[in-house]
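S.K.: Pasting a structure here, questions to come.
Every number in this text was worked out from the coordinates using simple rules, so none of it is lab data. Predicted, not measured: the structure shown is a model, and the values here were computed from it. Here the Cβ positions follow ideal geometry from the backbone for every residue, glycine too, while neighbour counts run over all protein chains shown.
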Amino acid sequence: MERVAVIGTGAMGAAIARRLLATGFETIVYDVRTEATDPLIALGAKRANRIADCTAGEAVLVVVANDSQVEEVIAGSEGVVDSLGEKMHPVIVVLSTVLPETVRRLGTLCRAKGLEIMDAPVSGSHVAAESGNLSVMIGGAKETFEQAKPVLSAIGQRLYHVGVLGNGEIVKLINNMVGVTNMWLTIEALATAARSGLSLQTVLPIMDASSGSNFFVRNWAMAKTFLSDVARNTDSAQSNLSLSTKDLEHAQEQAGLSGQVSPLLAGFINGLKALAPEYVVDQWSAVLGDISKTP
């Protein structure tokens with residue numbers, strides 16, 4: 001594969017597009033907000049004025065926010081399926097975190113049109129995406145995975161093929177049950193440490209060597225860049241709150257389908273819904289600036 005289209009150039013999609021450009025792929029970009037693609041055009045990407053222009057890619061990466069957007073991009077009246085030109089059969093790769101049933105339903109539609117589709121949700125921030133250091137959880141036919149592997153290898157050092165279409169999303173939702181809750185709890189824990197007069201430079205190495213270690217503690221330098229973006233203003237904070245809540249609600253739905261009752265997860269979801277974006281900006285900015293007064 002040499003030509004790749006990226007649909008959705010928010011923070012993660014833009015970082016993935018920059019990575020593809022840096023590794024030599026001809027990259028086509030599309031977003032409903034034209035201004036979101038402008039910086040990528042300046043780097044050498046080709047702008048798609050409509051989704052139909054993306055079908056010229058040998059792979060189409062879908063990096064939008066939620067299930068309804070994924071369905072619109074792929075199966076909408078001006079989506080990928082209805083916009084295929086003659087002899088165009090790109091592999092559709094859904095990187096968004098959505099319900100397994102969403103990609104499986106779309107899989108039935110795509111196969112009827114002779115298209116291959118796979119789910120490949122990613123773990124890691126846009127910082128990891130830009131350095132090609134994402135973890136990618138892949139569901140779909142083994143042959144489709146092998147076909148798209150050069151593209152996925154450019155954005156992720158750890159590729160995990162976990163079975164049939166939709167399984168990648170299940171693994172991602174399970175991962176997010178721990179990862180998303182850890183992110184929010186880590187900030188609360190570090191705020192408690194800082195407001196108690198302890199330096200984060202003191203606390204973080206101890207946590208990393210103890211039972212409090214997690215991805216955000218272990219990779220604080222990288223996490224701090226991502227978290228700073230979240231705390232930049234109330235709009236970015238609200239966006240992260242909404243995405244976190246959506247991911248955990250999807251995990252809750254998957255748990256229910258499996259027969260698992262998850263009261264702690266339900267409680268955490270309610271806690272996120274009670275947070276105001278102003279609180280997030282205040283709390284996270286304080287921690288990121290290390291509010292402690294003592295070494």
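S.K.: Equivalent-ellipsoid semi-axes (√(5λ), Cα gyration tensor) for the stretch 217-295, whole Å, largest first?
M.R.: Square roots of five times the eigenvalues give 28, 14, 12 Å.
S.K.: For the peptides 115-125, 263-273, what is the packing order when you average, over each peptide's residues, the other Cβ atoms within 10 Å and list the highest mean first? Can you show the working numbers first?
M.R.: Details: 115-125: 24.7, 263-273: 13.5.
Order by mean packing, descending: 115-125, 263-273.
S.K.: Give me the percent relative contact order of the stretch 93-156, please, defined on Cα pairs under 8 angstrom at least 6 residues apart.
M.R.: 30 percent.
S.K.: Tell me the label-point distance for the pair Arg50, Lys273, using the 7 Å Cα-to-Cβ offset, in nm and rounded to one decimal.
M.R.: 4.0 nm
S.K.: Taking the convex hull of the alpha carbon atoms in the chain, what volume per residue do you get, in Å³?
M.R.: Cα-based convex hull of the chain, divided per residue, equals 135 Å³.
S.K.: Stretched out fully, how many nm does the piece from Ala42 to Asp282 gain, at 0.36 nm a residue minus the Cα gap? List each step's numbers first, then the result.
M.R.: Working: separation 240, 0.36 × 240 = 86.40 nm, distance 3.43 nm.
Length gained between Ala42 and Asp282: 83.0 nm.
S.K.: So what J values fall out for the stretch 107-124 if you push phi through Karplus, 6.51 cos²θ - 1.76 cosθ + 1.60 with θ = phi - 60°, rounded to Hz, Gly and Pro as x?
M.R.: Result, ordered by residue: x, 4, 5, 5, 5, 5, 9, x, 9, 9, 9, 9, 9, 8, x, 10, 10, x Hz.
S.K.: While we're here: How high is the relative contact order of the stretch 169-288, given as a whole-number percent (alpha carbon pairs under 8 Å, six or more residues apart)?
M.R.: Working: 89 pairs, mean separation 45.0, N = 120.
Result for the stretch 169-288 is 38 percent.
S.K.: Still on this model: Considering the convex hull of the alpha carbon atoms of the stretch 140-295, report its projected area averaged over all viewing directions, in nm², one decimal.
M.R.: 10.9 nm²
S.K.: I'd like the FRET efficiency for Asp235 and Lys142, computed as 1/(1 + (r/R0)^6) with the beta carbon distance as r and R0 of 30 Å, rounded to 0.05.
M.R.: Taking R0 as 30 Å, the efficiency between Asp235 and Lys142 is 0.15.
S.K.: Okay, moving on. Stick to the Cα atoms of the stretch 1-79, pair each with every other, and give me the Kirkwood hydrodynamic radius in Å at one decimal.
M.R.: 12.2 Å
S.K.: Translational diffusion coefficient of the stretch 80-210 at 4 °C, 1.567 mPa s, Stokes-Einstein with Kirkwood Rh over Cα pairs, in µm²/s as a whole number.
M.R.: 77 µm²/s
S.K.: Which log10 I(q)/I(0) values, to two decimals, does the stretch 3-165 give at q = 0.15, 0.20 Å⁻¹ under the Debye formula with one point per Cα?
M.R.: Listed by q, the Debye log ratios stand at -0.70, -1.36.
S.K.: Contact order normalised by length for the chain, with contacts defined as Cα pairs under 8 Å and 6 or more residues apart; what percent is it?
M.R.: 14 percent
S.K.: Okay, moving on. From the phi of every residue in the stretch 43-57, what ³J(HN,Hα) in whole Hz does the Karplus formula 6.51 cos²θ - 1.76 cosθ + 1.60 yield, where θ is phi - 60° and glycine or proline is x?
M.R.: Karplus-based 3J(HN,Hα) across the stretch 43-57 equals 8, x, 6, 9, 7, 9, 7, 8, 4, 4, 5, 6, 6, 6, x Hz.
S.K.: Here's another thing I want to ask about it. What residues qualify as long-range amide H neighbours of Ile28, i.e. H under 5 Å apart, gap of 5 or more or another chain, H built at 1.01 Å from N?
M.R.: Val4, Ala5, Val6, Lys46
S.K.: Along the stretch 219-224, what does the Karplus equation 6.51 cos²θ - 1.76 cosθ + 1.60 (θ = phi - 60°) give for ³J(HN,Hα), rounded to whole Hz, x for Gly and Pro?
M.R.: With coefficients 6.51, -1.76 and 1.60, one gets 10, 4, 4, 6, 4, 4 Hz.
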